[in-house]
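So the structure is just underneath, and the comments pick up after that.
The values are calculated or read from the model by the stated rules, or taken from the named source; none is laboratory data. Source: prediction; values computed, not measured. Counting neighbours? That spans all protein chains shown, and the Cβs are built from the backbone with ideal geometry, glycine included. Note: areas computed on protein heavy atoms with side chains; ligands, DNA, RNA excluded. Shrake-Rupley method; radii C 1.70, N 1.55, O 1.52, S 1.80 Å.
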Amino acid sequence: IDFKNEEIVLDLIRYIRNKEPQKGITLMSVPLPKHKLRLYKEAGITDVSFNIEIFDQGTAEKIMPAKSTFNREYYFNILKSSKEIWNHYGDVRTIIMVGFDRYENLLTNISYLNKIGVQPVLSVFRPLKYSELANNLPPTNEYLYKLYNDCLGIIAPNNLGPKCKLCKNNTLSL
């Protein structure tokens, strides 16, 4: 990760925090190194989202090669470390793209996220016309409904994210 502009980013976070002390400030980025997490919390970040998107490493490397330079274990470690700093449920999230992982793999990893206190946010794959994945089929509504209910059974009494109501328009939320 290139941190040459990090001080500018931290100054901007502090500026926003000073102007709007009650507002939430979310950091959504590639995973920060563990030793950097507290800097962002102290600057005023109220919650973080480090998005795994695809659990299967091989599939992730094929679909999103640049982002896959961070392996899944690294993501899980940073999410766990983040949970030690931002300790309310929903303050540490990860987006999961539904439509690439096997069903059981999704449930296993969502169960693990729940165990470490990280809120999963399910985002449904919808292929874009003329893209490389245009011919891939999206998950069916039946599949999504079953997955949603199975996930609720795993994470209860917690809930699927995101906590932002406006952000729910592109996630699997009811």
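What to note about this one:
- Per-residue 3J(HN,Hα) values for region 135-142, derived from phi via the Karplus relation 6.51 cos²θ - 1.76 cosθ + 1.60 with θ = phi - 60°, read 8, 6, 7, x, x, 6, 4, 5 Hz in sequence order (x marks Gly and Pro).
- FRET efficiency estimate (nearest 0.05) - Cβ-Cβ, Arg126 to Tyr15, R0 45 angstrom: 0.80
- Cα-centre dipole for region 30-174 with unit charges at Cβ (Lys and Arg positive, Asp and Glu negative), debye to 20: 340
- Accessible surface of the chain [probe 1.4 Å, protein heavy atoms]: carbon and sulfur percent: 54
- The residues packed around Ile63, meaning those with a beta-carbon under 13 Å from its beta-carbon, carry a net charge of -3 if Lys and Arg are +1 and Asp and Glu are -1.
- Calculated log₁₀ intensity ratio I(q)/I(0) where the Debye formula runs over C-alpha points of the chain, q = 0.17 Å⁻¹: -1.12
- Using the average count of surrounding beta-carbon atoms within 10 Å as a protection proxy, the listed peptides 75-81, 133-139 rank, highest first, as 75-81, 133-139.
- With protein chains left intact and a 1.4 Å probe, residues in the chain average 58 Å² of accessible area per residue.
- Estimated distance in nm for a label pair at Met28 and Cys164, the labels positioned 7 Å out from Cα along Cα-to-Cβ: 0.5
- Each label was represented as a point 7 Å from its Cα along the Cα-to-Cβ direction; for Arg72 and Tyr112 these points are 0.6 nm apart.
- Counting only cysteine Cβ atoms and a cutoff under 4.7 Å, the chain contains unmatched residues Cys151.
- Pairs of Cα atoms nearer than 8 Å and 6+ residues apart set the relative contact order; for the chain it is 18 percent.
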